[in-house]
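Visitor: Input: one structure, supplied below.
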Ligand code: MTE
């Protein structure tokens, strides 16, 4: 995300992402995927599957997840983004402020992951990943993805609706908001050198109104493109709220807390005028420093290879969410 008005030298390493994506050529990519789907067919849980990618791949450490695509979210009128492009063009400030952070993100320790669900709920609980996938059936959904920076992708996520978790933990009548907290350990997630990480309000947090969380579209992703999440996408579990700007989707979640009042969140704390708590995709509401009327649909080949298309209100999901804002 852009803090300052003029040249952003810390974004220069983005050029590396393109050369890396070009290096992991299409043939190798298809081979990886073919192997992944065969091997994954009979192995439903996240923990006990064989890793299928090499250490030098942006998909390192991922395991196949073979699940059905939800027919309601089976298609988008735009082309699905090239997987290696999506895996090498990321925002994950804990690991730096350029888009080319996938190698840095490999430092994230994802073993024995726990997600604490706490706050105003009748059934507080700490889940490990297998608990989550046993409790909540996984499905695949193809969603449009829109970053506040005005780039966009189309991504197939694997996960489960947030509403399923709401049902399981039973928020009390006082619960009006939810807050997601991402993993943070300053020794591991060093953060960017510019802007210096100690000035950023880590851990990364994001939040929703509880009615937004209960909307059918709000999703916890544990996978992408038919396998577990690569670390740079927010392994092992992240939020995806497709009618809002991408920054609402906290990565690598360790805590989900139900609260009575609107929680403080990372970007909103840094710059409330630029990054609203609500943050719905709205073409007519410009960011203070740029228009949101159009977006750059990234791909097919590299990040420099994009198509400019009109931004759609609620990112095209008005039929599901407009009533929340009536
Ligand atoms: N979550 C954490 N913990 N840290 C981040 O820096 N960046 C956000 C969001 N979630 C971010 C985060 C932003 S600005 C975007 S656009 C998306 O992640 C990018 O997701 P992707 O890299 O998987 O495409």
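None of the figures in this text is laboratory data; all of them are computed from the coordinates on show. These figures come from a predicted structure and were not determined experimentally. Note that we place each Cβ from the backbone using ideal geometry, even for glycine, and neighbour counts take in every protein chain shown.
Visitor: Arrange the following residues from fewest to most other Cβ atoms within 10 Å of their Cβ: 115, 309, 178.
Guide: By the 10 Å Cβ count, ascending, the order reads 309, 115, 178.
Visitor: Taking every eigenvalue of the Cα gyration tensor of region 214-305, multiplying by 5 and rooting it, what semi-axes result, largest first, whole Å?
Guide: Its equivalent ellipsoid spans semi-axes of 22, 22, 12 Å.
Visitor: Estimate the FRET efficiency between residue 271 and residue 216 by the formula 1/(1 + (r/R0)^6), using the beta-carbon distance for r and 45 Å for R0, to the nearest 0.05. Before the final figure, lay out the partial values.
Guide: Numbers: r = 31 Å, r/R0 = 0.68.
Rounded to the nearest 0.05, the efficiency is 0.90.
Visitor: Principal axis extents for region 52-91, Cα atoms only, whole Å, descending order, please.
Guide: 35, 23, 16
Visitor: Relative contact order (percent) for region 15-325, with alpha-carbon contacts under 8 angstrom and 6 or more residues of separation?
Guide: Computed value for region 15-325: 20 percent relative contact order.
Visitor: What is the extension gain from residue 122 to residue 164, computed as 0.36 nm multiplied by their sequence separation minus the C-alpha to C-alpha distance, in nm to one decimal?
Guide: Full extension of this stretch gives 13.6 nm more.
Visitor: Restricting to region 15-325, compute how many DSSP beta bridges are antiparallel as a %, nearest 5.
Guide: Values: 42 of 49 bridges.
Of the beta bridges lying entirely in region 15-325, close to 85 percent run antiparallel.
Visitor: Per residue, how much space in cubic angstrom lies within the convex hull of the C-alpha atoms of region 15-325?
Guide: Residue-normalised Cα hull volume stands at 128 Å³.
Visitor: So, one more: Given 10 °C and 1.306 mPa s, compute D for region 49-161 with the Stokes-Einstein relation, Rh being the Kirkwood radius over Cα pairs; round to the nearest whole µm²/s. Walk me through the numbers before you get to the answer.
Guide: Values: Rh = 16.6 Å.
The diffusion coefficient I find is 96 µm²/s.
Visitor: How many angstrom separate the Cα center of region 228-254 from the Cα center of region 277-325?
Guide: One Cα centre to the other: 18 Å.
Visitor: Measuring from label point to label point, each 7 Å out along Cα→Cβ, what is the residue 184 to residue 110 span in nm?
Guide: 2.2
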